[in-house]
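Below you will find the structure I want to go over with you.
The values are calculated or read from the model by the stated rules, or taken from the named source; none is laboratory data. Values in this document were obtained by computation on a predicted structure and should not be read as measured data. As a convention, Cβ positions derive from the backbone with ideal geometry for all residues, glycine included, and neighbour counts pool all protein chains shown.
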């Protein structure tokens, strides 16, 4: 259950369920974990941006991590991005001690030059230890750090513990092609590439060479089916399935309120008891809820998983 | 043919056609103008970001503006955003002298506070003259300037010449609702709201109260039909049409390469002779072209406008 | 020993001393605390940006805070800025339980509009409790959040626990005048204003109405004297003293390496045992050290405190 | 009178004088040009950020450039930074036709990666022509583009027409040392380095290997003397002179109002008829003017050039 460069499939970016008062909703943590596993995911990723990780304190983060890992029975990646290396080290060691499959590290928004990014990952590896498998989170839209394919290659080649890219550049299709080109020409060793962005480009990302998805779209079962169909070469079926979900995927992928949409749908699917987010949080208006219901109704005509009663 | 707060429909954000060597392709300018008008648009918007306006020098910009306005026979909005007010004034006066319906002004990326934004539009109006109808361009994703509904209201109420919002916030549905709420409660006078973002949320934007779209999606004829159906209350038909186009809309809406996709499709539709952009420009790989062709083929099964032969 | 709107004088932004291996150097923490108190400061501020707070984990932060507060015998402000409110609450309650005089809160870099800033402080006060005195940290150069005087007034008027501004806008002299103007006209209640920016404008900040300084310049004894002379109306003497130190103040105020300069001088003055910073850290070249020595030598001719032997 | 890698001395960043109504004040343009030349500068740089270049339209820019070049009798560098390459080419060719010594190009704020920066200068050289000597403007504080020494070297080695760096990184002393190190080790050909930042670090920049200054401090005669003394190895005299001016240099170096301070002092020195800036502009309060007068009075006791009567 350790992450390696051959890891593939769907890793659900897990939401963190809260009670209306703001405490972690442990019953829903368990229920949601079971829901994801029941959807057929290959693994889970917890304590990412969409898991509201920065809103937890360190003790909460470690307790949540331990709870999910013990229950899931599938590999769990733990986000350990932190403002400093002491906190990152504490989170990483705690998570690995609980049985995590690996950790995910996002670059801090202040990084600009290629050298700064490469140097940051060097310091991060020094902090967490060279034996902890890690995932590069490449998410310029939110983090404002732009990594070229060459920078990613440099990090991969410097650290044997770098086994996966969470690919979330935008646009990003050519980046997948460039990285797979590096592998073909022999200038980069194999790397697992799982894609994010809520699945908004997953149809073509699989065709470009992605190994699967790591994202939190509220129908992970659809993601699992899509990745399977794409892997089996069923192009038309994969696109048909994708296109049916795209109106909702697109709606969920709105910056700022995307997590509210996602939690609402997870709640409607019975996976969590409350759609609560911790502050600061953008809520949904009544009109937005009605829009989501309309999208679900339309989707339900093409995919029975969306018939929620 | 002057813009006012009652303006509605689709204003196509016009691409600027270039010859392979980089000069403006005047024949294609005419052909593209005719194409847009033939699509049934209510107007055109030229010299916007997607019209590669910053890549033209002032003489080119004025000549292009004059050519399009004389040919179009529909209202034309001219983008006059510029690093300084002298250039803005020159462009605005030249465009209005050619017969433009109004001008569009984006805030410079350095603005931060509410006061700075309001003050900027005050200076812009002083520069172009209080008699020139103008459009606020609200596009935080690219411009990094965030305008609250309250700031937009303040600008609208200060300047009677502010008659339209190019709405391109992201997410933006609640912003439309908030502005329409201001009008209902009587705290803001009527304002035309045309939405952008490549049409990615146009289905719901119309339902929230938008007056139409101002965007450059390469099927403006579809946008025209969608706005008409939404206006006629044909909700299901509008969403069916929208959903058929969404995979391509989404593909075209990729930051950085979106304009290349758009020009490719316009070229495939015969609206321009070359897909050339001026430098700096991101081109399309062979794989990307094949992806677009595949999207067009799939779309053609549901909308004959996409059967391109 | 609770912070209030009448607090004045010099609050030293305390460096955090580390051993060469990176652990907190507790002996130097004590020695440095005694050094600051011996310089005549009115209080200390710990766990700020220049105290390398983000590099400590929460347990280290609380232990350090407790140690300094118990030893200092002067009011101690504790920085509690954190990526989320759970961590902020934990730090704030821990610090106040140890006897802190108040806490300091910086806005997260993602905030843009006036409303977002005001709302953030509302949520922060909800998190830490309305009874905890707090300081607004206004530092646009590093945080990229721009607060107008009007926004600061709104926060002050909404929360009686907001008693102090750490003024670090740049330029900032007019901001002090504007805020004092608000007080004179009766639209804002009294507010303590202590200025930062390494003291680079302290000469005029005092004349504009600041109550003192909150900064980490390695000669806090000079800051104390300067504030006293300014308070006594000894304008020429204050400027003479300031001008003598300005070459070094300026050198220490370099973004990125400023803290290295400051720790070097503190080490040369015997206040800490090592100039170590935790990673990531910019070190000093041999040439830079020689430059600092030269500045100290020149300063020593005009201020005996800089004769270090 | 063409710029090359051996160019040294002081290039004054020229202010652009305006009449109270906002038109260019041609008489003051001439008077200011004569003033700079009378100060002993080696050259002038016009149409930079502090020359309010973005506020001029292209015709004004070319006319101003022509007027200054014809009058100056010293080499003139013309800023040609523009939102697009068409405008840049027009400015560059116009300026060179008027007899400019070279042009200066700043990177647009959107650039992030090393490759993007290098590629931008490649496109710029293609636009202006490989025979036009150019200066890289490296000014991260305002432009938010960070160039490593390695990126600068790559640009220098790719383009023989790249002959000068306007050095304005912050902090920047180590960057000068790194670039001179490249030259010593033979990995970079010689490059003229003139430093900016209002002269705030000029004392040590000269010692690190700068060839002079390119900045707009309102006492260019002092900069000339300082560069001469530093070149003659008169270290103490250079620092004494620098330290006398530092309080005013520091005051002038405030972001946002620095240009207002500079124009005020130029006006007080009789070099321009009005301190007018074009909008948008930050003005000086009465208190700020009094502060500058006080700084001039104090400076006048140590440097007779500041005795203004």
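Taking the conditions exactly as written (in contact with a strand residue (DSSP E or B) (Cβ under 8 Å, 6 or more places away or on another chain), surrounded by 24 or more Cβ atoms within 10 Å (Cβ to Cβ) and more than 25 Å from residue A:182 (Cβ to Cβ)), does residue A:103 satisfy them or not? Let's see the steps before the verdict.
Values: in contact with a strand residue (DSSP E or B) (Cβ under 8 Å, 6 or more places away or on another chain): yes; surrounded by 24 or more Cβ atoms within 10 Å (Cβ to Cβ): yes; more than 25 Å from residue A:182 (Cβ to Cβ): no.
So residue A:103 does not fit the description; no.
When the stretch D:127-141 is examined, which residues are found to be in a loop (DSSP other than H, G, I, E, B) and buried (at least 18 other Cβ atoms within 10 Å of the Cβ)? Working first, answer last.
Filtering the stretch D:127-141 down to residues in a loop (DSSP other than H, G, I, E, B) leaves D:129-133, D:139.
Across the stretch D:127-141, the qualifying residues are D:132, D:133, D:139.
Can you name the number of the only condition in (1) farther than 20 Å from residue C:54 by Cβ; (2) touching a residue at least 24 places away in the same chain (Cβ under 8 Å); (3) away from every other protein chain (no Cβ under 11 Å) that residue A:125 fails?
(1)
Out of curiosity, is residue B:49 on the phi < 0 side of the Ramachandran plot and out of contact with any strand residue (DSSP E or B) (no Cβ under 7 Å at 6 or more places or on another chain)?
Numbers: on the phi < 0 side of the Ramachandran plot: yes; out of contact with any strand residue (DSSP E or B) (no Cβ under 7 Å at 6 or more places or on another chain): yes.
In short, yes.
Would you check if there is a residue in the stretch D:262-278 being at the interface with another protein chain (Cβ under 10 Å from one of its Cβ atoms), more than 16 Å from residue D:247 (Cα to Cα), in contact with a helix residue (DSSP H, G or I) (Cβ under 8 Å, 6 or more places away or on another chain) and not in a helix (DSSP H, G or I)? Lay out the reasoning, then the answer.
Let us first name the residues in the stretch D:262-278 that are at the interface with another protein chain (Cβ under 10 Å from one of its Cβ atoms), namely D:278.
From the residues that got through so far, the ones that are more than 16 Å from residue D:247 (Cα to Cα) too are D:278.
Going one step further and asking which of them are in contact with a helix residue (DSSP H, G or I) (Cβ under 8 Å, 6 or more places away or on another chain), we end up with D:278.
Checking the rest, the ones that are also not in a helix (DSSP H, G or I) come to D:278.
Scanning the stretch D:262-278, I find at least one residue that is at the interface with another protein chain (Cβ under 10 Å from one of its Cβ atoms), more than 16 Å from residue D:247 (Cα to Cα), in contact with a helix residue (DSSP H, G or I) (Cβ under 8 Å, 6 or more places away or on another chain) and not in a helix (DSSP H, G or I), so the answer is yes.
On the basis of being surrounded by fewer than 21 Cβ atoms within 10 Å (Cβ to Cβ) and either at pLDDT below 95 or within 12 Å of chain A (Cβ to nearest Cβ) (or both), does residue C:144 make the cut? Show your work before the answer.
Numbers: surrounded by fewer than 21 Cβ atoms within 10 Å (Cβ to Cβ): yes; either at pLDDT below 95 or within 12 Å of chain A (Cβ to nearest Cβ) (or both): yes.
Yes; evaluated as a whole, the condition is true for this residue.
Part of a loop (DSSP other than H, G, I, E, B), farther than 24 Å from residue D:200 by Cβ and in contact with a helix residue (DSSP H, G or I) (Cβ under 8 Å, 6 or more places away or on another chain) - does that describe any residue in the stretch D:142-153? Reasoning before the result, please.
Within the stretch D:142-153, the first condition is being part of a loop (DSSP other than H, G, I, E, B), and the residues that meet it are D:144-148.
Remaining after also requiring farther than 24 Å from residue D:200 by Cβ: none.
The answer is no; no qualifying residue exists.
Moving to a separate point now. State all residues of the stretch B:250-261 that are facing chain A (nearest Cβ under 9 Å), in a helix (DSSP H, G or I) and surrounded by 20 or more Cβ atoms within 10 Å (Cβ to Cβ); if no residue qualifies, say none. Don't jump to the end; show me each part of the working.
Step one: of the stretch B:250-261, the residues facing chain A (nearest Cβ under 9 Å) are B:250-251, B:254-258.
Okay, now just the ones that are also in a helix (DSSP H, G or I), so B:250-251, B:258.
Within the stretch B:250-261, B:250, B:251 meet the criteria.
What number of residues within the stretch A:77-93 satisfy the criterion of being within 11 Å of chain C (Cβ to nearest Cβ) and either over 26 Å from residue A:130 (Cβ atoms) or buried (at least 19 other Cβ atoms within 10 Å of the Cβ) (or both)?
Residues in the stretch A:77-93 being within 11 Å of chain C (Cβ to nearest Cβ) and either over 26 Å from residue A:130 (Cβ atoms) or buried (at least 19 other Cβ atoms within 10 Å of the Cβ) (or both): 10 in total.
List the number of the failed condition for residue A:74; all other conditions in (1) within 24 Å of residue D:147 (Cα to Cα); (2) away from chain C (no Cβ under 14 Å); (3) surrounded by fewer than 22 Cβ atoms within 10 Å (Cβ to Cβ); (4) touching a strand residue (DSSP E or B) at 6+ places or on another chain (Cβ under 8 Å) hold.
(1)
Among the numbered criteria (1) in a helix (DSSP H, G or I); (2) in contact (Cβ under 8 Å) with a residue 40 or more places away in the chain; (3) surrounded by fewer than 23 Cβ atoms within 10 Å (Cβ to Cβ), which one does residue B:227 miss?
Failed condition: (3).
Within the stretch B:281-309, track down each residue that is within 16 Å of residue A:174 (Cβ to Cβ), in contact with a helix residue (DSSP H, G or I) (Cβ under 9 Å, 6 or more places away or on another chain) and either without any contact (Cβ under 8 Å) to a residue 24 or more places away in the chain or within 11 Å of chain A (Cβ to nearest Cβ) (or both).
Here is the first cut: in the stretch B:281-309, the ones within 16 Å of residue A:174 (Cβ to Cβ) are B:281-292.
In the following step, the residues that additionally are in contact with a helix residue (DSSP H, G or I) (Cβ under 9 Å, 6 or more places away or on another chain) were identified as B:281-285, B:287-289, B:291-292.
B:281, B:282, B:283, B:284, B:285, B:287, B:288, B:291, B:292, listed by residue number.
What do you reckon, is residue A:242 touching a residue at least 12 places away in the same chain (Cβ under 8 Å), surrounded by 20 or more Cβ atoms within 10 Å (Cβ to Cβ), out of contact with any strand residue (DSSP E or B) (no Cβ under 8 Å at 6 or more places or on another chain) and over 19 Å from residue A:75 (Cβ atoms)? Quick ask: steps written out before the conclusion?
Values: touching a residue at least 12 places away in the same chain (Cβ under 8 Å): yes; surrounded by 20 or more Cβ atoms within 10 Å (Cβ to Cβ): yes; out of contact with any strand residue (DSSP E or B) (no Cβ under 8 Å at 6 or more places or on another chain): yes; over 19 Å from residue A:75 (Cβ atoms): yes.
Spelling it out, residue A:242 is indeed touching a residue at least 12 places away in the same chain (Cβ under 8 Å), surrounded by 20 or more Cβ atoms within 10 Å (Cβ to Cβ), out of contact with any strand residue (DSSP E or B) (no Cβ under 8 Å at 6 or more places or on another chain) and over 19 Å from residue A:75 (Cβ atoms).
So if I check each of B:69, B:118, which one is within 14 Å of another protein chain (Cβ to nearest Cβ), over 25 Å from residue D:80 (Cβ atoms), touching a helix residue (DSSP H, G or I) at 6+ places or on another chain (Cβ under 6 Å) and at pLDDT 95 or above? If you could, list the steps in order and put the result at the bottom.
Details: B:69 fails: within 14 Å of another protein chain (Cβ to nearest Cβ).
After applying the criteria, what remains is B:118.
Oh, and also: Applying the selection to the stretch B:193-224, what residues are crowded, with 24+ Cβ neighbours inside 10 Å, touching a strand residue (DSSP E or B) at 6+ places or on another chain (Cβ under 8 Å), touching a residue at least 40 places away in the same chain (Cβ under 8 Å) and not in a loop (DSSP other than H, G, I, E, B)?
Once the filter is applied, which keeps residues that are crowded, with 24+ Cβ neighbours inside 10 Å, touching a strand residue (DSSP E or B) at 6+ places or on another chain (Cβ under 8 Å), touching a residue at least 40 places away in the same chain (Cβ under 8 Å) and not in a loop (DSSP other than H, G, I, E, B), the stretch B:193-224 yields B:194, B:198, B:199, B:202, B:212, B:213, B:214, B:215, B:220, B:223.
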